[in-house]
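The values are calculated or read from the model by the stated rules, or taken from the named source; none is laboratory data. For clarity, every value in this text was computed on a predicted model and none was experimentally measured. Cβ: placed from backbone, ideal geometry, glycine included. Neighbour counts: every protein chain shown.
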Amino acid sequence: MHGKSLAAARLGWPNSLASLPDFHSLAYLPERAEAAILDDVRARLASGSVAAVFLEPLLGSRGGYMPSRAFAGQLAESCAAAGTVLILDEIFTGFHRTGPLFLHQDLGVTPDILLVGKSMGNGFPVSGVAVDRRFSIESKMLPGSTYAGNPLAAAAVVATLREMRALPMSDKVAAVETTIRNSLADLEDLGVALRGKGALWVLEFPRSVSMRDLMSRIIQDGVIPSQTANYIRLLPAATITPAHLAQACEVIRRACHAQLGAPAARPIAPIHN
Ligand SMILES: Cc1ncc(COP(=O)(O)O)c(C=O)c1O
């Protein structure tokens, strides 16, 4: 997923609203194995007319799948060999959402262009494009727009990055990951897949599950997770306390057990702080 404006939607998923020429959305994980995806990309690059390849390093809106380091490395090499720009969309994964400052660092690749947003404004709507210094920026590439260069957004980013620098972000995100893994591991027994990294997790439910009923149970118990189709996403703030996060996970776990399987026996511990 790369966004909902026309060109971004065309890149991200098959949809009849966005039909633009010269955009190719290739089958990706989990529909295809990495080797087949690479073959497909290389076949397109061989035409010599591909300007850029976009990659979301962890599918935050579609199942939480993440490619291997080997895949990312070979993709980057293929793009470089073809003179094609590799664009990493880290709008979701960037700024420690998955642990490292950027997920491409864990994947061992350096993008030519990096798309950023979300966490960098800590809730304030802001996004950005970082371009490798090898490329020259011309003024006509940066057209003015209503919100471009917004001073309030810039101030929100500066303040957020300052806070992030002052915090042990990677340690905090690692603690979030441990809590989520430990709290929700047993959902796999109910046929629920848990995928993700750091503070970005996706629960994928069997298609037969009524997500409406499940969400009602969870919301009634005071937790409001993000749900689309048969996925629930957990995106806690890095600063959440492990106790609060464990309590929220327990609400989700209980709701899943109540709806999909045997009632959960584990008590929900009260939070004192
Ligand atoms: C990976 C990724 N890229 C880009 C976007 C931006 O999308 P939009 O601004 O259209 O909501 C999102 C938003 O969810 C995203 O997850």
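Listed values, structure above:
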quantity	calculated
Filtered residue count, region 73-94, keeping only those that are more than 13 Å from the ligand (Cβ to nearest atom) and buried (at least 21 other Cβ atoms within 10 Å of the Cβ)	4
Of the criteria (1) at pLDDT 95 or above; (2) among the hydrophobic types (A, V, I, L, M, F, W, C); (3) in a strand (DSSP E or B), which one residue 66 fails	(3)
Where residue 176 falls short, out of the listed (1) part of a helix (DSSP H, G or I); (2) closer than 26 Å to residue 103 by Cβ; (3) free of Cβ contacts under 8 Å to residues at least 12 places away in the same chain	(3)
Residues of region 33-57 satisfying the condition of being within 16 Å of the ligand (Cβ to nearest atom) and either aliphatic (A, V, I, L, M) or over 18 Å from residue 89 (Cβ atoms) (or both)	52, 53, 55
Which listed residue is at pLDDT 95 or above and basic (Lys, Arg), from 118, 140	118
Residue match in region 118-134 (condition: within 17 Å of the chain's Cα centre (by Cα), within 23 Å of residue 195 (Cα to Cα) and within 12 Å of the ligand (Cβ to nearest atom))	yes
Those residues of region 220-239 which are of a type in the set (Phe, Trp, Tyr) and part of a loop (DSSP other than H, G, I, E, B), in sequence order	none
Residue 30 vs. criteria assigned to a loop (DSSP other than H, G, I, E, B), more than 16 Å from the ligand (Cβ to nearest atom), within 22 Å of residue 233 (Cβ to Cβ) and at pLDDT 90 or above	yes
Residues located in region 135-155, provided they are more than 13 Å from the ligand (Cβ to nearest atom), closer than 30 Å to residue 235 by Cα and surrounded by 10 or more Cβ atoms within 10 Å (Cβ to Cβ)	150, 152, 153, 154, 155
Only one of 254, 233 that is of a type in the set (D, E, K, R), more than 23 Å from the chain's Cα centre (by Cα) and buried (at least 17 other Cβ atoms within 10 Å of the Cβ)	254
Residue under evaluation residue 190, criteria (1) at pLDDT 95 or above; (2) within 20 Å of residue 60 (Cα to Cα), criterion not met	(2)
So residue 6, is it within 15 Å of the ligand (Cβ to nearest atom) and over 19 Å from the mean Cα position of the chain (by Cα)	yes
Residues satisfying the stated conditions in region 88-118, i.e. in contact with a His (Cβ under 9 Å, 6 or more places away or on another chain) and not in a loop (DSSP other than H, G, I, E, B)	88, 89, 114, 115
Residue check, residue 61 in contact (Cβ under 8 Å) with a residue 12 or more places away in the chain, surrounded by 12 or more Cβ atoms within 10 Å (Cβ to Cβ), within 30 Å of residue 171 (Cα to Cα) and hydroxyl-bearing (Ser, Thr, Tyr)	yes
